[in-house]
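Trainee: Sharing a structure below in structure tokens format, with a few things to ask.
A short reminder: the numbers here are calculations on the coordinates, not readings from a lab. All of these numbers come straight from a predicted model, not from anything done at the bench. Using ideal geometry, Cβ is built from the backbone for each residue, glycine included, and neighbour counts are taken over all protein chains shown.
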Amino acid sequence: MIMIYDSNCTLCESSVHWIIKNDKNKHFKFLSAHSRLGKNYLLKYNLDPDDLETVTLIRNDIAYIKSDAVLETAKELDGYWKLFYIFKIIPRFLRDKIYMYVSKNRFKLFGDREKCILSDDEIKDRFI
């Protein structure tokens, strides 16, 4: 699975490191949406490479965005995080409304970064 994320976003970057911590089986690889490869992946799945307001999860050649990406990620994590997948029963338009509120305010709430934080050697292999 590949997660494409906004590496200039503090919330996004922190979420990636949190996922790594809770993904003991190393299911996930991570790719910056700002990179050429990240943009190419987004284009491949007919997604706008300039729209950085959503995380994208690619699993089994299907691209998930917004709240679907978050819930599909939770389903793959170790431990009780899988239980959050139950929120899939909430209609997507409601889940996405909440997701987009946080997304549109993420820099105000969490700040931003000028560049991606270089990962330590222990997790470097998790990034594409």
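Trainee: Is it fair to say D6 is among the charged types (D, E, K, R), within 10 Å of the chain's Cα centre (by Cα) and under 23 Å from W81 (Cα atoms)?
Mentor: On the way: among the charged types (D, E, K, R): yes; within 10 Å of the chain's Cα centre (by Cα): yes; under 23 Å from W81 (Cα atoms): yes.
Yes: the conditions hold for D6.
Trainee: Filter the range 69-101 down to the residues that are under 18 Å from F28 (Cβ atoms), touching a residue at least 40 places away in the same chain (Cβ under 8 Å) and surrounded by 12 or more Cβ atoms within 10 Å (Cβ to Cβ) and list them by number.
Mentor: Matches in the range 69-101: A69, T73, E76, L77, D78, W81.
Trainee: Sticking with this one: Which pairs have Cβ atoms under 6 Å, sit 6 or more apart or on different chains, and link a residue in the range 8-32 that is of a type in the set (G, A, S) to one that is buried (at least 19 other Cβ atoms within 10 Å of the Cβ) and part of a helix (DSSP H, G or I)?
Mentor: Pairs found: S32/G38.
Trainee: Restricting to the range 1-55, name every residue that is crowded, with 20+ Cβ neighbours inside 10 Å, in contact with a helix residue (DSSP H, G or I) (Cβ under 8 Å, 6 or more places away or on another chain) and in a helix (DSSP H, G or I).
Mentor: Those that are crowded, with 20+ Cβ neighbours inside 10 Å, in contact with a helix residue (DSSP H, G or I) (Cβ under 8 Å, 6 or more places away or on another chain) and in a helix (DSSP H, G or I): C12, I19.
Trainee: Output the residues belonging to the range 67-98 that are farther than 21 Å from I20 by Cα and assigned to a helix (DSSP H, G or I). Walk me through it before giving the result.
Mentor: Our first condition is that a residue be farther than 21 Å from I20 by Cα; within the range 67-98, this holds for 86-98.
If the condition is that a residue be farther than 21 Å from I20 by Cα and assigned to a helix (DSSP H, G or I), then I86, F87, K88, I89, R92, F93, L94, R95, D96, K97, I98 are the ones that fit.
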